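One structure is given here, and the rest of the page talks about it.
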């Protein structure tokens, strides 16, 4: 699975995700990627893209839950993703990338690794694979 | 407040720290290249939608990642692709599942969002929708890579021996559990 989230200079947010699914998947199996609100979501608060165990991400309507947690709890993007990873999903389930309307970025996972990268207009650049890199 | 910002991912899961340096570098290079695509769009005042579409297209075209070329195999030995895009400023969204001949599913997802009154097309219907657009089409074997094919063959063999064990086997020598999409 691959994905991207962005904030532009007009203050608009967008999210996109694409996948080949899971190896050896059976006829008609669909994961979280094309399910708006589960694997992909963007509103006026944040843009989120997920990767991981699709069924778990769908059960928890994960991407939308992250945005809602921020909006209704006055939480940061970092806190909201942490909430879903630690309180809703199980260890080893998933990873998320997100950006909020202020351009704050977060890339977190409860798996051993996630191929990820980020950059902002201040020049903060991150390219990582493992959790503890 | 940042003027612009972007993040991308190329999948999560079990990624061994023993990944050979040469392969590790290929992944870093792939991530850097995709990031550069997004940077160029946003730095020049482009939209967030353009940025995420272009970045995902780049990753779809990179055979290292499980999307577009380089996608994993289904049980039947084919490739079925899914994609979605969402515009936070309008709540517009477009999504597709079960595509088999669209080279860059994310671009078709954007057309679903902008050019159709609907949000989600599946399987045969998604292909039919693609027929009404100018998106680039390919044969299904365009998505084939030898590495994914070998991974799929090992999964098939493992499933014959012990289906339960196959659920736990790490298939891409260093990367990704079977359960992950």
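Please treat every number below as a calculation from the coordinates, not as lab data. Note that the structure is a prediction, hence the values are computed from the model and not measured. Positions of Cβ are generated from backbone atoms using ideal geometry, with glycine treated the same way; all protein chains shown enter the neighbour counts.
Counting, for every residue in B:49-58, the Cβ atoms of other protein chains within 10 Å of its Cβ and taking the mean gives 6.
Modelling each spin label as a point 7 Å along the Cα-to-Cβ direction, I'd like the residue B:160/residue B:145 distance in nm, to one decimal. Spacing of the two 7 Å Cα→Cβ label points: 2.6 nm. Sort out for me the Cα centre separation of region B:111-155 from region A:74-133, rounded to whole Å. After rounding, the separation between the Cα centres reads 28 Å.
Stretching residue A:55 away from residue A:79 to a fully extended chain increases their span by 6.4 nm, per 0.36 nm per residue minus the current alpha-carbon distance.
Ranked by the mean number of other Cβ atoms within 10 Å of their residues, highest first, the peptides B:90-98, B:29-37, A:31-39 fall in the order A:31-39, B:90-98, B:29-37.
Our Cα-only numbers for chain B put the radius of gyration and Dmax at 17.5, 56 Å. When each of the peptides B:50-59, B:72-81, A:58-67 is scored by how many other beta carbons lie within 10 Å of its residues on average, the order from highest to lowest is B:50-59, A:58-67, B:72-81. Cα centroid separation, region B:21-78 to region B:90-106: 15 Å. Using a cutoff of 8 angstrom between alpha carbon atoms and counting only pairs six or more residues apart, the relative contact order for chain A works out to 19 percent. Dividing the alpha-carbon radius of gyration of chain A by the rule-of-thumb value 2.2 N^0.38 Å gives 0.99. For chain B, averaging the sequence separation of C-alpha pairs within contact (under 8 Å, six or more residues apart) and dividing by the residue count gives a relative contact order of 20 percent.
Per-residue shielding of B:97-105, expressed as the average number of other chain Cβ atoms within 10 Å of the residue Cβ, stands at 3. Peptide B:69-77 shows a mean partner chain C-beta count of 5 within 10 Å per residue C-beta. With the simple spin-label model, which puts each label point 7 Å out from Cα in the Cβ direction, the residue B:90 to residue B:115 separation comes to 1.4 nm.
Applying Stokes-Einstein at 20 °C and 1.002 mPa s to the Kirkwood radius of the protein assembly as shown, computed over alpha-carbon pairs, gives a translational diffusion coefficient of 115 µm² s⁻¹. Full extension of the chain between residue A:130 and residue A:72 gives 17.8 nm of extra length, using 0.36 nm per residue less the Cα-Cα distance.
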